[in-house]
1. Collect residues whose amide H, placed 1.01 Å from N in the peptide plane, falls under 5 Å from the amide H of VAL165; neighbours closer than 5 in sequence don't count.
2. For the chain, which whole-number percentage of the solvent-accessible area (1.4 Å probe, protein heavy atoms only) is attributable to carbon and sulfur atoms?
3. I need the fraction of alpha carbon pairs in the chain separated by more than 26 Å, rounded to a whole percent.
4. Between SER232 and ARG210, take the C-beta separation as r, use R0 = 22 Å, and let me know the FRET efficiency to the nearest 0.05.
5. Based on the Cβ-Cβ distance from ARG48 to ASN14, what FRET efficiency comes out when R0 is 22 Å, to the nearest 0.05?
6. On full extension of the chain, what length is gained from LEU327 through ARG268, given 0.36 nm per residue of separation minus the C-alpha to C-alpha distance?
7. Where in the range 113-137 does the amide nitrogen come within less than 18 Å of the point 7 Å from the Cα of GLN199, taken along Cα to Cβ?
8. Karplus couplings for the range 116-121 from phi (6.51 cos²θ - 1.76 cosθ + 1.60, θ = phi - 60°), rounded to Hz, Gly and Pro as x?
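The values are calculated or read from the model by the stated rules, or taken from the named source; none is laboratory data. All figures in this text were calculated on a predicted structure; none of them were measured in a lab. Cβ placement follows ideal geometry from the backbone for every residue including glycine, while neighbour counts extend to all protein chains displayed. Heavy atoms of the whole protein, side chains included, go into the accessibility calculation; ligands, DNA and RNA do not. Shrake-Rupley method; radii C 1.70, N 1.55, O 1.52, S 1.80 Å.
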Amino acid sequence: MDRTTRHSETRYGNRPTMKDVAARAGVGLKTVSRVVNSEPGVTPDTERRVQEAIDALGFRRNDSARVLRKGRTASIGLVLEDLADPFYGPLSRAVEEVARAHGALLINGSSAEDPEREQELVLALCARRVDGLIVIPAGDDHRYLEPEIKAGIATVFVDRPAGRVDADMVLSDSFGGSREGVAHLIAHGHRRIGFIGDQPRIHTATERLRGYHAAMTDAGITVEDSWVSLGSTEPGRVRAAAEAMLGGPEPVTALFAGNNRVTVTAVRVIAEQDRPVALVGFDDIELADLLGITVISQDAAAVGRTAAEHLFRRLDGADHAPARVELPTTLIPRGSGELPPA
């Protein structure tokens, strides 16, 4: 048979059924069912014939009927902000490891920081009967999830609190981490410190700004409006903000970057300056150790693992009040945050 003939016989979307396996093995449907589900009552020779038919046909068990009987799909959904963000790589991997340990499949997707897309994705996962959800929220109103939660879909929010619903949440200490990072710059002699953060509707952005203000207040420093910029983390916007803070007759001597994307652009802008500028970034970035960038590191893997463990405890029947878990951050000094004012 030539390649053309083989290709014409392939019928995409038409998977082999148990009836096909039974016909090839010369047995009844019940016998195939027993072999597929590892049930007793089948002789070794018959089991061998059925298994050979399964292998030859490429048969895979359809778990839909099992789902209907057991009410569980052994799958969970993970809704991220941005699949390309390096913070979410270890978080997603940790969730997947916990899911695998519980015999569950992880399905993930990205909201692209769009509340409507988040809702669309979450409800699509619910329609596919996932047992539980882990959500990094893009919006601030999650009442659309109330019917699903009441119907039994366990839900844990990560990185940011849920909006207008009671649910478990696992967060990093954005306020405390930011406060520590800015205090670190102050301890090295800086008083004119700029803060560049994400959009103000995002919980982590406002918490990190609050930490910045707390550290400045602790040191008796009055913050000028021109030292603070919140908005998109798009490089052009961040570059303009950094250049404005570093220009003029009284520039800032240090920058605190509100997340990893801001840090990357800040590093580029600082490299173009004719004087040293101190920098502390929230979130670690690739090559930060080689570049000597001081950061406030949050353990993304611990966040993901903790969220997944909470989710499976709920699926195992835990019915305590919604829990809020806040994980600590770590200051990692590498040189950029230890530079004195120029």
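1. For VAL165, the qualifying residues are HIS142.
2. That share works out to 50 percent.
3. Result: 59 percent of Cα pairs exceed 26 Å.
4. The pair SER232/ARG210 has a calculated efficiency of 0.65.
5. Efficiency computed from Cβ-Cβ geometry: 0.25.
6. Contour length minus the Cα-Cα distance gives 18.2 nm.
7. Within reach of a label on GLN199, which here means backbone N under 18 Å from a point 7 Å along Cα→Cβ, the range 113-137 contributes 113-122, 136-137.
8. Each residue's phi maps through the Karplus curve to give 5, 5, 4, 4, 4, 5 Hz.
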